[in-house]
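The values are calculated or read from the model by the stated rules, or taken from the named source; none is laboratory data. Values in this document were obtained by computation on a predicted structure and should not be read as measured data. Heads up, the Cβs are rebuilt from the backbone with ideal geometry, glycines too, and the neighbour counts pull from every protein chain shown.
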Amino acid sequence: MAETLLFNALREAIDEEMARDPHVCVMGEDVGQYGGSYKVTKDLYDKYGELRVLDTPIAENAFTGMAVGAAMTGLRPIVEGMNMGFLLLAFNQISNNMGMLRYTSGGNFTIPAVVRGPGGVGRQLGAEHSQRLEAYFHAVPGIKIVAVSTPTNAKGLMKAAIRDNNPVLFFEHVLLYNLSEDIPEGDYVCALDQAEIVREGKDVTILTYSRMRHHCLKAVEQLSQDGIDVELIDLISLKPFDMETIRASIRKTHKVIVVEECMKTGGIGAELLALITEQCFDELDARPVRLSSQDIPTPYNGTLENLTIIQPHQIVEAARALQSGQI
Amino acid sequence: MTQADMSRDLAAASGAPSCSADATHVAGPHAERLENLYPATPAAVTRDEGLVLYRDMVLGRRFEDKCAEMYYRGKMFGFVHLYNGQEAVSTGVIKAMKAQHDWFCSTYRDHVHALSAGVPAREVMSELFGKETGCSKGRGGSMHLFSKEHHLLGGYAFIGEGIPVALGAAFTSRYKRDALGDASSDAVTAAFFGDGTCNIGQFYECLNMAALWKLPILFVVENNKWAIGMDHNRATSDPEIWRKAAAFGMAGEEVDGMDVLAVRAAAQRAVERARAGEGPTLLECLTYRYRGHSLADPDELRAAEEKEFWAKRDPIQRLAAQLIDQSLATVDELKAIDKEIDAHIADCVEFALAAPEPKPEELTRYIWAED
């Protein structure tokens, strides 16, 4: 075990996979000489050279499409969105080509590509840099979507994403890069399609992902003092959802709260609760609860920003209300 | 105001009939550019090469004519964009490249590029009929032909989106050569697109990256003057697309897109540069589509005189005349090829009609790589 910062865990994963397979390459803005805006590719340019760690001009749609063509012809590109919000400019390539092309081509081509980068609401970065694109991309067929939350799962999931033969949208969180913990030594992978049971419990199931996992952990601490035994599940895979794990938990607790950082309308929770309603309707003892960000552009002002996203006390209040039968 | 516009105005002022005897002026600046290109000295061609080009162009033409027939008979659906008139571009470029080695990237007007690249006509016709035997298993349709076997990166239906994909294939060639040390990696990619695409960001973004990294790619502009109903000269500030190459420090060339030998010669020069590691070329082929944008286009804006101008420069008739003039083929030989191709296309239609539909239980197949 070694104490590792999350950005370094990602870096280790990319480094190890590049060493393991010479077809793995990185492309994006400032990924090379600069080392990545969050240093996820630090020093890899010196180690692997300018073609394998390619500094691109600022042209998101074109370099994402270039990654599609490279993947179709034998490479395994990792595209960095300097900020995931910028990938709105690459929406066409991600949707039409990364996501749909294998199907449209009748299986002629595969697109083994990873699109990764920081998303989420940071600290007063303003609306454009504080987006939750996982919700926007959720409907695109043919792509897997994962969100990492700890150094351990960041490394294992990055390695799995690189080895996967399908396009993977890989969401990191701008406020989690400096999270530090002991991670396993050497080569390990985490399953892209499996949720992580962060804490077992019997009273309420909380489903969350990315940074909200840590808000939930704060809430769980408080709730356990109240005698409420929460089962906390980090979804990890936002598409497809690990419904097996989710169903098993709801069969145990009969109560569910979804905590997400994306906006409520058309969000991850919206789809998740629809599936839960379809698949677990008879298991629920109370209506499901959805805690989401406000349906507004993220405001700059710090107080307003905090009011936009869910805070730990709101999770505590929702769980208490659910447990006491007020919901 | 262009010179042609000025001449037309002068003609009107002098009371001359607006339909002047000089078809160039009537047909506008696009035609005028073609006329001004160069006094055409036919490029040299051998009998075998000439017949390969002729056969490929006739295949493209007759295939598309059959598509129109099948569409109107209700056998083919959706948007169908035919290539009639532009055959010299597909044939001239693709036959200058190596089949199943170099890569080809097309647009929604992709049937003939697929045929030139060697995708069997049966597979292309089946795809248009939505059958399982289609090159995209009936999942793609007219605008989404793909063949990994024949290095067809695909037909891309949104304007400009295929260019970055083609750039990616060219990047792979360089990557294999310079990052993986495979000296034999010399595949060149040809990206085909139209004049309307030359106003979109991805075009410029890719010209920049291709020149920056000296990628082995040909940007082949099929300038047929019309983007559905928008005249190229009304859509762009400088209609001479090939000149945009200079801004990126890459080779640019303008070529008579109705002359397959001229296109082929220009493509050969570009391919040679690309294989030698000298980077990309922007090749503007002046051409014309005989039919509307798609079979759903009422085609109300294009003047009869303009169509006539280009029809007179038909690439198939032109090559046929050259082959006969140079005693490389006889009229009868060419007629025999036409007949053979008609029979081949009739066979494709029969094959496609009889081919199985995709299985309903395989509706969700091909979403994932493992499936």
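See the values below:
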read-out: Total residues in region A:58-80, condition free of Cβ contacts under 8 Å to residues at least 24 places away in the same chain and not hydrophobic (A, V, I, L, M, F, W, C); value: 2
read-out: Search result, residues across region A:273-327 that are of a type in the set (Val, Ile, Thr) and within 26 Å of the chain's Cα centre (by Cα); value: A:276, A:277, A:289, A:296, A:298, A:303, A:308, A:309, A:310, A:315, A:316
read-out: Any hit, region A:166-180, residues being part of a loop (DSSP other than H, G, I, E, B), at pLDDT 95 or above and among the hydroxyl-bearing types (Ser, Thr, Tyr); value: yes
read-out: Residues of region B:63-81 satisfying the condition of being basic (Lys, Arg) and surrounded by 19 or more Cβ atoms within 10 Å (Cβ to Cβ); value: B:66
read-out: Qualifying position, being of a type in the set (S, T, N, Q), in the same structural domain as residue A:72 (by TED's automatic domain parsing) and outside any loop (DSSP other than H, G, I, E, B), among A:205, A:152; value: A:152
read-out: Matching residues, region B:353-371, being of a type in the set (A, V, I, L, M, F, W, C) and either in a helix (DSSP H, G or I) or under 20 Å from residue B:128 (Cα atoms) (or both); value: B:353, B:354, B:355, B:363
read-out: Residue among B:163, B:159 that alone is crowded, with 24+ Cβ neighbours inside 10 Å and more than 7 Å from every other protein chain (Cβ to nearest Cβ); value: B:163
read-out: Tabulated pairs, region A:141-162, first away from chain B (no Cβ under 14 Å) and surrounded by 24 or more Cβ atoms within 10 Å (Cβ to Cβ), second in a helix (DSSP H, G or I) and among the basic types (Lys, Arg), C-beta under 7 angstrom, 6+ apart or interchain; value: A:149/A:213
read-out: In region A:74-86, the residues that are at the interface with chain B (Cβ under 7 Å from one of its Cβ atoms) and either at pLDDT below 95 or crowded, with 24+ Cβ neighbours inside 10 Å (or both); value: A:75
read-out: Top-ranked residue in region B:341-371 [being under 22 Å from residue B:91 (Cα atoms) and loosely packed, with under 13 Cβ neighbours inside 10 Å; ranked as farthest from the other protein chains (Cβ to nearest Cβ)]; value: B:343
read-out: Single residue of B:45, B:89, B:58 found to be assigned to a loop (DSSP other than H, G, I, E, B) and of a type in the set (A, V, I, L, M); value: B:45
read-out: Some residue of region A:14-21 being within 13 Å of chain B (Cβ to nearest Cβ), touching a residue at least 24 places away in the same chain (Cβ under 8 Å), surrounded by fewer than 19 Cβ atoms within 10 Å (Cβ to Cβ) and out of contact with any Lys or Arg (no Cβ under 8 Å at 6 or more places or on another chain); value: no
read-out: Any pair with Cβ under 7 angstrom, 6 or more apart, that starts in region A:183-197 at a residue that is over 10 Å from residue A:155 (Cβ atoms) and in a loop (DSSP other than H, G, I, E, B) and ends at one that is modelled with pLDDT under 95 and not charged (D, E, K, R); value: A:185/A:1; A:185/A:2
read-out: Residue satisfying all of: in region B:9-42; under 18 Å from residue B:253 (Cβ atoms) and assigned to a loop (DSSP other than H, G, I, E, B); modelled with the lowest pLDDT among these; value: B:39
read-out: One residue from B:73, B:55 being farther than 21 Å from residue B:294 by Cα and of a type in the set (Lys, Arg); value: B:55
read-out: Residue that is farthest from residue B:95 (Cα to Cα), among those in region B:119-165 that are touching a residue at least 12 places away in the same chain (Cβ under 8 Å) and among the aromatic types (Phe, Trp, Tyr); value: B:129
read-out: Checking residue B:109 against (1) assigned to a loop (DSSP other than H, G, I, E, B); (2) surrounded by fewer than 23 Cβ atoms within 10 Å (Cβ to Cβ); (3) modelled with pLDDT of 95 or more; (4) more than 13 Å from every other protein chain (Cβ to nearest Cβ), the condition it does not meet; value: (2)
read-out: Scan of region A:87-135 for residues that are part of a loop (DSSP other than H, G, I, E, B), within 14 Å of chain B (Cβ to nearest Cβ) and touching a residue at least 40 places away in the same chain (Cβ under 8 Å), ordered by number; value: A:100, A:110, A:111, A:112, A:113
read-out: Of all residues in region B:203-250 being within 14 Å of chain A (Cβ to nearest Cβ) and among the charged types (D, E, K, R), the one that is surrounded by the most Cβ atoms within 10 Å (Cβ to Cβ); value: B:205
read-out: Pairs where the first residue, in region B:172-183, is within 13 Å of residue B:277 (Cβ to Cβ) and the second is assigned to a helix (DSSP H, G or I), C-beta under 7 Å, 6+ apart; value: B:183/B:177
read-out: Those residues of region B:281-300 which are of a type in the set (A, V, I, L, M, F, W, C) and either farther than 30 Å from residue B:177 by Cβ or assigned to a helix (DSSP H, G or I) (or both), in sequence order; value: B:286, B:295, B:296
read-out: Criterion (touching a residue at least 60 places away in the same chain (Cβ under 8 Å) and either aliphatic (A, V, I, L, M) or under 16 Å from residue A:118 (Cα atoms) (or both)) met by exactly one of A:24, A:53; value: A:24
